[in-house]
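Reading through the structure tokens given below for one structure.
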Amino acid sequence: MATPNPYAGPRHRWASLLAAPLVAGVVGSGLVVPPLVSAQETPTSESQAPERPAQGGPAPESPARATPAPDPANAPEAPTLQVTSQVPSGVRLDRVEWKTANRVALWVQSPAMKESVQVQLMLPATWNSEPDRTYPSLLLLDGLRARDDASGWTLETKISQFFDAKNSIIVLPVGGESSFYTDWVADAKGDTYQWETFLMQELPALLERDWRVGDKHGVAGLSMGGTAAMMLAQRYPDHFQFAASYSGFLDLTSFGMPEAVKVAMQDAGGYPAENMWGPLGSERWQEQDPKLHAEKMRGQSVYVSAGSGNTGPWDQPSGLPGIPTNFPGYGLELLSRMTTQTFVNRAREAGVDVTANFRPSGTHTWPYWQFEMTQAWPQYAAAVGIENVEAQCAPEGAIAALAERQPGLGPCLTGEYDVKGGKATDFRFGRVFWSQATDAHSVVGAIGAAYQAEGGPDGTLALPTSDETVTPDGKGRFSTFQNGVIYWSPTTGAHAVRGAIRAMWADQGSERGDLGYPTTDEITNPNKPGVVQGFQGGTVYWSEETGPKVVKGSILKTYREAGAENSALGYPVTDEIALSTRNGAFSRFQGGSIYWSKDTGAHVVPRGPILEAWGEQGYETGRLGYPTSPVRTTRDGQVQDFEGGTITVSNGRAEIS
């Protein structure tokens with residue numbers, strides 16, 4: 001049940017009036033001061049706003065005229081939309097990067113957004129142990145200041161440790177600052193914001209096809225994301241069984257609210273609110289207002305929450321009674337409380353079953369949203385049909401003995417289950433594998449994420465043959481596997497090295513040699529049979545014909561500019577070879593050579609008449625010296641300059657001048 005209006009008493013009225021300048025700084029020049037008196041429907045006339053006492057000094061600017069509240073009876077109908085069941089044309093998975101063993105980042109090409117959009121997935125406890133199972137999803141949306149590198153949910157909370165024992169796939173869109181996860185009518189500072197189309201028409205079918213998402217879904221979010229969660233649930237009622245708003249703004253069109261949103265979006269990135277839904281308070285704004293379409297949530301499980309803004313357990317007191325030092329968070333939470341109460345009143349009038357948690361304290365900040373997310377979880381679990389009881393598990397045998405020696409693995413998440421070649425048990429902070437041939441070994445942290453990216457025990461690395469070990473230089477970590485190793489350092493990340501490249505790297509001293517740590521995974525060339533892998537000290541290219549060869553420094557730069565192995569040069573056939581003439585160097589390739597000296601730089605000398613004529617003169621030791629330019633194509637042939645002259649090829653014949 002919702003608590004009584006927290007602003008009714010004199011103390012709360014005084015606190016609200018004290019916060020008014022703060023709220024005004026977020027939502028415009030005092031436009032929301034009248035609603036602070038009550039959490040019910042707000043005044044529609046500016047004449048009801050309290051007069052401002054005259055002050056000395058310059059006169060303040062006149063406030064912008066507030067948009068009148070619409071008549072709910074005349075509000076435009078919000079559409080009821082369906083999620084497409086097929087992956088639309090042009091939607092594809094561009095890139096996959098495992099962040100941990102149970103969190104993966106996907107970059108999905110979106111025709112609507114005109115770019116590749118990052119979406120992170122938190123995978124369920126039994127993802128590995130039950131590979132044929134599908135799972136319900138929870139779309140978890142970020143706040144107004146959403147970042148482009150990661151979701152605030154992973155940056156600011158510990159939800160990964162909450163969800164790792166749950167059997168749901170958590171979907172975390174990355175980016176969308178000030179977007180409200182909606183389709184904008186115009187550009188967003190040069191970006192194309194078509195978030196609703198991406199989230200509801202492009203992404204779901206891909207996740208269902210490739211990432212084992214089932215047919216039950218929820219949506220939740222904080223602040224801006226809470227607003228969006230309600231909007232999406234109303235627009236796609238057949239898709240979502242559950243919707244939650246944590247400190248969302250659920251009344252977008254009452255007196256002053258469009259202006260409030262406008263100023264907030266200006267503050268969070270300088271985005272023009274009119275580009276989102278057109279003129280403030282227009283029909284499109286009314287179409288998106290959760291309060292005006294609350295009746296569409298009948299049959300859904302709905303959870304909303306907001307604090308009072310007063311000092312709570314995760315706030316610092318300011319010295320003023322009940323007022324925290326987080327003044328902006330105080331004002332924003334007052335606004336959320338007011339609009340959420342209005343939404344709840346309207347929803348209950350419409351027969352919607354709403355769970356409303358109106359806390360007596362708390363500001364607009366992350367610890368409260370993490371708390372509310374965990375509070376809402378049982379309701380979500382019931383709505384999508386999964387048990388809200390974590391499965392009992394206990395490691396066995398050699399795996400149990402290792403877990404006792406390594407308490408940092410945390411509690412088990414699964415029982416023992418079969419994997420290719422052996423057994424496995426998943427723990428909160430890692431996985432343990434066992435086979436008769438390898439014994440029990442843990443795979444944890446970034447190395448565990450890289451192992452998952454390589455396919456785990458089903459991949460080419462097979463099972464681990466060691467626990468994580470500190471490298472001899474003390475800078476990194478590594479784990480060995482039946483068919484390779486994974487090395488990690490703070491500056492390079494975790495990458496697998498295997499096969500012929502690993503053998504060559506080991507011969508050169510592994511991470512202590514000239515190549516240093518690996519900086520990329522092994523990348524297969526889709527155009528020519530072969531692979532490439534980056535290291536701190538150079539890049540290794542391998543093909544069946546040439547074996548692994550190192551290209552580095554300026555020669556590597558020139559090789560890449562020429563098109564690397566996909567160019568006429570092909571794969572390298574030697575490592576870099578030092579030259580005695582002025583301390584130069586060269587590397588041979590299938591289709592020519594690249595020579596370098598400090599004075600001349602690195603230049604390609606292609607196989608053919610130029611290379612033959614230069615060789616007849618003694619290469620770099622002869623009168624021509626090192627090449628000083630790339631090959632230029634002429635109407636009759638080719639020309640290349642050297643320190644001591646020029647070689648011109650015409651009609652297949654080379655002349656030196």
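The values are calculated or read from the model by the stated rules, or taken from the named source; none is laboratory data. Here the structure is a predicted model, which is why all the values come from computation and not from measurement. With ideal geometry, Cβ positions are generated from the backbone for all residues, glycine too; neighbour counts draw on all protein chains shown. Heavy atoms of the whole protein, side chains included, go into the accessibility calculation; ligands, DNA and RNA do not. Shrake-Rupley method; radii C 1.70, N 1.55, O 1.52, S 1.80 Å.
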- Task: Hey, could you check region 598-642 for residues that are polar (S, T, N, Q) and out of contact with any Asp or Glu (no Cβ under 8 Å at 6 or more places or on another chain) and say which is most open to solvent (accessible area, probe 1.4 Å)?
- Result: Thr633
- Could you tell me whether Ser479 is more than 30 Å from Ser137 (Cβ to Cβ), touching a Gly at 6+ places or on another chain (Cβ under 9 Å), assigned to a strand (DSSP E or B) and of a type in the set (S, T, N, Q)? yes
- Note on the structure: Counted residues in region 205-219 being within 17 Å of the chain's Cα centre (by Cα) and within 29 Å of Ala306 (Cβ to Cβ) come to 0
- Item | Pair list, Cβ < 6 Å and 6+ apart or interchain, from region 345-359 residues that are more than 20 Å from Ser308 (Cα to Cα) to residues that are part of a loop (DSSP other than H, G, I, E, B) | Gly351/Arg298; Val352/Arg298
- Query: Looking at (1) outside any loop (DSSP other than H, G, I, E, B); (2) under 30 Å from Asp251 (Cβ atoms); (3) in contact with a Lys or Arg (Cβ under 8 Å, 6 or more places away or on another chain), which is the one condition that is false for Trp153?
  - Reply: (3)
- Item | Residue, least open to solvent (accessible area, probe 1.4 Å), within region 79-125, restricted to residues that are under 17 Å from Tyr451 (Cα atoms) and β-branched (Val, Ile, Thr) | Val104
- Item | Filter pass, Ser466 being touching a residue at least 12 places away in the same chain (Cβ under 8 Å), of a type in the set (Gly, Ala, Ser) and surrounded by fewer than 16 Cβ atoms within 10 Å (Cβ to Cβ) | yes
- Task: For Gly645, state whether it is open to solvent by less than 60 Å² (accessible area, probe 1.4 Å), without any contact (Cβ under 8 Å) to a residue 24 or more places away in the chain and not charged (D, E, K, R).
- Result: yes
- Query: Do any residues in region 143-157 that are at positive phi and of a type in the set (Phe, Trp, Tyr) have Cβ atoms under 8 Å from those of residues that are part of a helix (DSSP H, G or I) and open to solvent by less than 10 Å² (accessible area, probe 1.4 Å), where the two are at least six apart or on different chains, and which pairs are they?
  - Reply: none
- Item | Residue list for region 557-576, filter: among the aliphatic types (A, V, I, L, M), out of contact with any strand residue (DSSP E or B) (no Cβ under 6 Å at 6 or more places or on another chain) and open to solvent by less than 60 Å² (accessible area, probe 1.4 Å) | Ala564
- Item | Hits in region 83-100 - residues which are part of a loop (DSSP other than H, G, I, E, B), touching a helix residue (DSSP H, G or I) at 6+ places or on another chain (Cβ under 9 Å) and polar (S, T, N, Q) | Thr84, Ser85, Gln86
- Query: What residue, of Thr539, Thr524, is open to solvent by 40 Å² or more (accessible area, probe 1.4 Å) and under 30 Å from the mean Cα position of the chain (by Cα)?
  - Reply: Thr524
- Looking at Leu320, Leu252, Leu280, which one is of a type in the set (A, V, I, L, M, F, W, C) and within 25 Å of Pro360 (Cβ to Cβ)? Leu320
- When you look at Glu156, is it among the acidic types (Asp, Glu) and either within 30 Å of Thr414 (Cβ to Cβ) or surrounded by 20 or more Cβ atoms within 10 Å (Cβ to Cβ) (or both), yes or no? yes
